[in-house]
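Colleague: Once you've had a glance at the structure underneath, I'll fire off some questions.
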Amino acid sequence: MEEQGKPKLPKSVLNIPGTKADIQSGQLLISSGIPSLDELLGGGLPVGTVVLIEEDQYGSYSKIMLKYFLAEGIVSGHSTFIASQDTSTDNIIRELPAVSGSDPEPEQANAGDSAKMTIAFRYQNLPTIEKQKSLQIGHYYDLTKVMSHDVLNNADIHHWNKLNDYNNIPDTFSNPTFHHLLQSVKDKIKKGEFAVADKPEHRSVLRIGIHALGSPMWLPNSSAGFSIKQSRDLDMFVFCLRAIVRSAFAVAFVTVPSHLLEKCSLERCIYSSDIVIRLQSFAGTELENNPILSDHHGYFQVIKLAAINSFVSKHPGSVEYTFKLKRKKFCIEKLHLPPAFGDEKEIPTMGCGSSGKHLLEF
């Protein structure tokens with residue numbers, strides 16, 4: 001018998017490739033393309049949500065995460081919608097990493113002789129890193145290789161192109177580009193029958209990737225600065241985007257240059273999103289030369305993790321995470337600081353018999 005009180009998903013939904021059902025919440029999940037991120041978020045990205053990525057200062061690591069998200073969609077047979085004003089969407093697609101049959105750079109389960117534990121002899125043979133778990137959804141990718149042209153040509157990829165003439169665009173936004181992008185997303189959902197109310201023969205998921213939303217390149221006049229209305233356009237766009245994907249089998253993955261945005265505008269964007277992740281790169285900061293953090297490239301902070309179909313969020317709490325870009329993969333790890341041996345100043349102590357205390361005092 002099925003357990004009472006738990007949400008149920010139709011069988012047609014459970015058969016969507018590249019997805020899995022969360023038994024606890026009854027939510028349909030897809031992979032972000034990064035196994036360590038899926039595990040951190042409780043299994044994957046819930047369908048019908050908006051994922052907001054606060055870019056690092058140079059935008060390089062957030063772009064890699066976007067490529068993982070899009071690559072996973074193509075390998076899983078999902079439809080893909082991509083938009084950007086800062087770079088060519090064709091270049092992003094051409095640079096997607098190729099799928100790998102296994103972890104391209106697995107962690108060593110046991111440390112070598114040079115890294116023996118000195119706490120106690122019985123701990124020396126214990127594994128220092130958890131063994132790699134088998135993936136329920138998602139794939140491994142190799143950043144040193146790109147997807148073949150045959151795979152990309154057979155995939156359903158929609159490139160959003162900015163219009164040159166916005167005379168017939170309603171004035172919902174002060175910047176008509178946002179209205180056109182929203183309308184393009186709605187048209188793609190309608191054409192592909194991704195809405196919850198639709199009944200297609202073969203159900204699939206739409207992955208929406210938006211790169212560097214709100215950067216100066218999105219302004220009508222790139223030489224002009226941000227106005228109050230244009231700042232409101234950004235958070236209103238995120239709010240409307242969430243309303244659209246909430247009623248569809250779609251997930252939006254949006255990166256924003258948070259260091260260029262007003263604090264109030266960014267806070268409203270966070271409020272309108274379901275999952276918010278902040279990337280704080282060490283590059284160009286005093287932490288770049290910190291020997292303790294030499295194996296890491298930045299802090300990975302989960303700012304918001306909404307409770308979907310549940311009363312309790314799966315937020316990891318106060319645990320600190322870092323991200324690391326290796327040669328073949330991007331991974332997220334818990335921050336384990338080593339003991340600060342040698343940092344303490346030597347404190348002079350007196351011998352046992354030179355303290356001048358009573359013989360019975362220690």
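Colleague: What pairs come out if I take residues in the stretch 239-260 that are under 16 Å from residue 79 (Cα atoms) and pair them with residues that are aliphatic (A, V, I, L, M) and modelled with pLDDT under 95 whose C-beta lies under 9 Å away, six or more apart or interchain?
Modeller: 248/196; 249/13; 249/16; 249/28; 249/196
Colleague: On the given criteria, is residue 76 small (Gly, Ala, Ser) and closer than 25 Å to residue 159 by Cα?
Modeller: yes
Colleague: Right, another one. Looking only at the stretch 247-295, which residues are within 21 Å of the chain's Cα centre (by Cα) and of a type in the set (Asp, Glu)?
Modeller: 267, 274, 295
Colleague: Right, something else. Collect the residues in the stretch 38-82 that are modelled with pLDDT of 95 or more, under 18 Å from residue 322 (Cβ atoms) and of a type in the set (A, V, I, L, M, F, W, C), keeping them in residue-number order.
Modeller: Once the filter is applied, which keeps residues that are modelled with pLDDT of 95 or more, under 18 Å from residue 322 (Cβ atoms) and of a type in the set (A, V, I, L, M, F, W, C), the stretch 38-82 yields 53, 64, 65.
Colleague: Now for a different question. Just give me the residues in the stretch 156-207 being of a type in the set (A, V, I, L, M), under 28 Å from residue 10 (Cα atoms) and assigned to a helix (DSSP H, G or I), in sequence order. So that I can check it myself, show each step before the final result.
Modeller: First, pick out the residues of the stretch 156-207 that are of a type in the set (A, V, I, L, M): 157, 163, 169, 181-182, 185, 189, 195-197, 205-206.
Next cut, under 28 Å from residue 10 (Cα atoms) only: 157, 185, 189, 195-197, 205-206.
Result: 185, 189.
Colleague: Among (1) surrounded by fewer than 23 Cβ atoms within 10 Å (Cβ to Cβ); (2) farther than 21 Å from residue 257 by Cβ, which single condition is residue 63 missing?
Modeller: Against the list (1) surrounded by fewer than 23 Cβ atoms within 10 Å (Cβ to Cβ); (2) farther than 21 Å from residue 257 by Cβ, residue 63 comes up short only on (2).
Colleague: Exactly one of these conditions fails for residue 259: (1) assigned to a helix (DSSP H, G or I); (2) at pLDDT 95 or above. Give me its number.
Modeller: All conditions are met except number (2).
Colleague: Say we look at the stretch 79-93 and pick out the residues that are under 20 Å from residue 180 (Cα atoms) and in a helix (DSSP H, G or I); which of these is farthest from the chain's Cα centre (by Cα)?
Modeller: Checked the stretch 79-93; the qualifying residue farthest from the chain's Cα centre (by Cα) is 90.
Colleague: Output the residues belonging to the stretch 296-336 that are modelled with pLDDT under 85 and among the charged types (D, E, K, R).
Modeller: Narrowing the stretch 296-336 to residues modelled with pLDDT under 85: 307-319, 335-336.
Of everything in the stretch 296-336, just one residue is modelled with pLDDT under 85 and among the charged types (D, E, K, R), namely 314.
Colleague: Being touching an Asp or Glu at 6+ places or on another chain (Cβ under 7 Å), in a loop (DSSP other than H, G, I, E, B), surrounded by 15 or more Cβ atoms within 10 Å (Cβ to Cβ) and among the small types (Gly, Ala, Ser), is that true of even one residue in the stretch 296-318?
Modeller: Among the residues of the stretch 296-318, at least one is touching an Asp or Glu at 6+ places or on another chain (Cβ under 7 Å), in a loop (DSSP other than H, G, I, E, B), surrounded by 15 or more Cβ atoms within 10 Å (Cβ to Cβ) and among the small types (Gly, Ala, Ser), which makes the answer yes.
The values are calculated or read from the model by the stated rules, or taken from the named source; none is laboratory data. Bear in mind that the values here come from a model prediction, so they are computed numbers and not experimental data. Cβ: placed from backbone, ideal geometry, glycine included. Neighbour counts: every protein chain shown.
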